[in-house]
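Colleague: One structure, pasted below without further comment.
Nothing in this text is a laboratory measurement; each read-out follows from the coordinates by a stated rule. In this text the structure is predicted, and so the values were computed from the model without any measurement. Please note: Cβ atoms are built from the backbone with ideal geometry, for glycine as well, and neighbour counts cover all protein chains shown.
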Amino acid sequence: MDNDVTHKDTERLAEIDRRLDRLRVQRDEKDRHIRSALPDGMAAIMGRVATELVAGVVVGTFIGWALDQWLEMSPLFLLVMFFLGAIAGMLNVWRVFTGRGLAAGYFDEHAIHRTKTSKGADRK
Amino acid sequence: MSNSDGMHSPVEQFEIKPLVELSFGGYDISFTNSSLFMLLAIGVSASFLIGAMRRAELVPGRMQGIAEMMYEFVAEMVRSNVGSEGRPYFPFIFTLFVFLLFGNLLGLIPYSYTFTSQIIVTFVMAAFVFVGVTVIALVKHGLHFFSFFVPAGAPKVLIPFLIVIEVISYFVRPVSLSVRLFANMLAGHTMLKVFAGLAVMISGAGGLAMAGSLLPFLALIGLTGLEVLVAALQAYVFTILTCMYLNDALHLH
């Protein structure tokens, strides 16, 4: 009889542990996108905008120059990649201001919307 | 680099001086003041953390408290930015943070050297993070990784252009990561030396001008406090951006 009770108890404890683990994973997943913690002061944002704009042009121009060296099409790629680099820099600045984080690539609008609504739900 | 007044140039502090001349296969691999301070950053941070945790107690003392705060700070950063899949990378990220923090802070001690004010140092670190994160993404997702560069729902005509732009924007990462740290340290340390030089120059005029030198001196004290903040903040920014890149690699959109 005693053995039976302890057996049930351990089973129940294990079940609670499993549920806690599941909840913890869920919480981690939910928190991840909300707490983006870069400094958001005016100077910090200005610094980031300046770096992104300059870095975009520099990296684009460098890739263009390297392609020209390789394919001997100077200055075609240099010119094209200069402007594409500037566009990439502006795109990154747009990402800074819309709070889309730093990820290159596309963004799932619905995912952003979902995290926003779940944030709102948390407040209630 | 001294001018006629015996003044030092504010950028003299960034000069790399070889301490032990070495060369290997035609390359100059001298042990420089930069290498010395990298080793010091490793030595000081390691002995601080080991010393603080050697007699670990249930109720932490001051040193143990600081060490545990640093550990928990980075652990929380990894947890909230990368999630539970980020755990295997915690040792690397913690080491990165501590190395940068101690490097930046040691550089604030007068007559020392700030190795993070050299773009090649920060760029190599950023490039290592960039390559590592890309390899992790490729191993985890295989060729699906390249879908990262294709914006969803874009008109088909524009896709080639958009892919090129996204690829550039991906390659911008190591550059902006390294430039941010390097530029902050370079600008801050130059500013400190400019104000210090100003204070010395004005006081050199003697007489009433001595009182005038008080102004840049007070500014210098304030700026030094600000630089301590910048040193910690930039170590944090570098680390959190690493976490975000790692998050992108582990969870493709």
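Colleague: Could you please find all residues in segment B:148-181 being among the polar types (S, T, N, Q) and either more than 8 Å from every other protein chain (Cβ to nearest Cβ) or under 20 Å from residue B:89 (Cα atoms) (or both)?
Modeller: B:178
Colleague: Which one of the conditions (1) touching an Asp or Glu at 6+ places or on another chain (Cβ under 8 Å); (2) without any contact (Cβ under 8 Å) to a residue 12 or more places away in the chain does residue B:250 fail to meet, given that it meets all the rest?
Modeller: Answer for residue B:250: the failing condition is (2).
Colleague: Can you tell me which residue among B:59, B:98, B:44, B:82 is surrounded by 12 or more Cβ atoms within 10 Å (Cβ to Cβ) and either without any contact (Cβ under 8 Å) to a residue 40 or more places away in the chain or within 14 Å of another protein chain (Cβ to nearest Cβ) (or both)?
Modeller: Going through B:59, B:98, B:44, B:82 in turn, just one is surrounded by 12 or more Cβ atoms within 10 Å (Cβ to Cβ) and either without any contact (Cβ under 8 Å) to a residue 40 or more places away in the chain or within 14 Å of another protein chain (Cβ to nearest Cβ) (or both): B:82.
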